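*Asks:* Here it is, the structure in full.
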Amino acid sequence: MGRFILRRTLQSVLTVFGVITVAFFLVRLAGDPAVLLLPVEASDEDIARLRAALGLDQPLIVQYFKFLANAATGDFGVSLRQNVPALELVLERIPATLELALTAFVLGLLIAFGIGLAMRLSTSSRLRQIIMWIALGRQAIPVFSFGLLLILIFSVWLNWLPSLGRGTIYHLILPALTLATYETALYLRLFNASLSTEQKQDYVRTAYAKGQSRSRVIVRHMLPNALLPLVTIAGINLGILLGGTVVTETVFSWPGVGRLIIQSVAQRDYPVIIAGVFVISLIFVVVNLIIDILYAFLDPRVRLT
């Protein structure tokens, strides 16, 4: 077990290292930040002096190794726009991103579980088809389009909920619903397929043959087995949610890490971009590492892979 955890941990470290390496070289392709920071009328000499002050006049490989040495101590540089440590800016936005992602994660799971269970307990095949078509329709709508639609209905037309920013629980409702409904569609399809597979198993026929009711067979026998694939995808999806709320945060002006990165890309604020990518990749990798370790405890066969 110890070797399995060590191997997965090393893989996680290498993954984060690879992500920040790619991010470092990609942001350098976006252009020269010195040109953006200075006014249009700045001379070539002014640009050269600023590049020297920022260390951008050195060879790229030298910049890279200096970056790695500093990153190992948690120093990703200073924001070119706000003149504060880049990692500090990113960490300030983490609570907002966690609030949105975890709320959407729990809400999506609860909605999918409730609807999926109701679908199976119902004897109406038409109702199940209608629900699945609605789920497919929701999943086909891009997140930004659905978010704008919610703003139009609940903020503009009905004036029930705020559309932008973060403050009260009412500010959380629309962005959380935007993410949660998309996740619900994914979970619902998986949950329905998993229950359909379990329904064909011999133990289900045996339970019916013993005279057990439909609801008892579904809840006591089918449900525990059907939840395993859902838990797998949900665990992976949690990492994606924690690092992938960029679009939703931008649509609703939610002050999270994703929106900060988008703003930094527009401003070519390299240190903040790389610090944000590092934090997001670290969250994703840590969540998946925890899932791997939990599965190793639950199923010893996983340790052999």
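The values are calculated or read from the model by the stated rules, or taken from the named source; none is laboratory data. Please read these numbers as outputs of a predicted model, since none were measured by experiment. Neighbour counts run over all protein chains shown; Cβ positions are idealised from the backbone, glycine included.
*Asks:* Provide a single number: the residues in region 4-20 that are without any contact (Cβ under 8 Å) to a residue 40 or more places away in the chain and not hydrophobic (A, V, I, L, M, F, W, C).
*Replies:* Number of matching residues: 3.
*Asks:* In this structure, does VAL217 turn out to be surrounded by 18 or more Cβ atoms within 10 Å (Cβ to Cβ) and touching a Lys or Arg at 6+ places or on another chain (Cβ under 6 Å)?
*Replies:* No, not satisfied.
*Asks:* A further question on this structure: Out of (1) over 20 Å from VAL247 (Cβ atoms); (2) in contact with a Pro (Cβ under 7 Å, 6 or more places away or on another chain), what's the single condition that is false for LEU127?
*Replies:* The failed condition is (2).
*Asks:* Test each condition in (1) farther than 21 Å from SER196 by Cα; (2) crowded, with 16+ Cβ neighbours inside 10 Å; (3) of a type outside the set (S, T, N, Q) for ILE131 and report the one that comes out false.
*Replies:* The one condition ILE131 does not meet is (1).
*Asks:* I'd like the full set of residues that are over 30 Å from PRO255 (Cβ atoms) and either in contact with a Gly (Cβ under 8 Å, 6 or more places away or on another chain) or acidic (Asp, Glu) (or both), limited to region 154-211.
*Replies:* LEU188, PHE191, ASN192, LEU195, GLU198, ASP202
*Asks:* Could you go through region 32-50 and let me know if any residue there is touching a residue at least 24 places away in the same chain (Cβ under 8 Å) and within 21 Å of PHE278 (Cα to Cα).
*Replies:* Yes; the residues of region 32-50 include at least one that is touching a residue at least 24 places away in the same chain (Cβ under 8 Å) and within 21 Å of PHE278 (Cα to Cα).
*Asks:* From the list PHE105, PHE146, pick out the single residue that is free of Cβ contacts under 8 Å to residues at least 40 places away in the same chain and under 17 Å from LEU241 (Cβ atoms).
*Replies:* The unique qualifying residue is PHE146.
*Asks:* Out of curiosity, is PRO175 under 21 Å from the mean Cα position of the chain (by Cα), of a type outside the set (Ser, Thr, Tyr) and surrounded by fewer than 20 Cβ atoms within 10 Å (Cβ to Cβ)?
*Replies:* no
For every residue, the table says whether it meets (1) within 24 Å of the chain's Cα centre (by Cα); (2) crowded, with 16+ Cβ neighbours inside 10 Å; (3) acidic (Asp, Glu).
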site	(1), (2), (3)
ALA42	no, no, no
GLU45	no, no, yes
ARG49	no, no, no
TYR64	no, no, no
ASN70	no, no, no
ARG81	no, yes, no
LEU91	yes, no, no
LEU100	yes, yes, no
GLY108	yes, yes, no
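*Asks:* Show me the helices (runs of 4 or more DSSP H) found entirely inside region 29-94 where at least 1 residues are in contact with a helix residue (DSSP H, G or I) (Cβ under 8 Å, 6 or more places away or on another chain) and among the aromatic types (Phe, Trp, Tyr).
*Replies:* Hits in region 29-94: 60-71.
*Asks:* ALA112 - would you say it is surrounded by 18 or more Cβ atoms within 10 Å (Cβ to Cβ), in a helix (DSSP H, G or I) and either without any contact (Cβ under 8 Å) to a residue 40 or more places away in the chain or over 28 Å from the mean Cα position of the chain (by Cα) (or both)?
*Replies:* In short, no.
*Asks:* Could you grab me the full set of residues in region 1-28 that are surrounded by fewer than 14 Cβ atoms within 10 Å (Cβ to Cβ), modelled with pLDDT under 75 and of a type in the set (A, V, I, L, M, F, W, C)?
*Replies:* MET1
*Asks:* Of all helices (runs of 4 or more DSSP H) completely enclosed by region 153-258, which ones contain at least 2 residues that are touching a residue at least 60 places away in the same chain (Cβ under 8 Å)?
*Replies:* Filter on region 153-258 gives 169-199, 223-243, 246-251.
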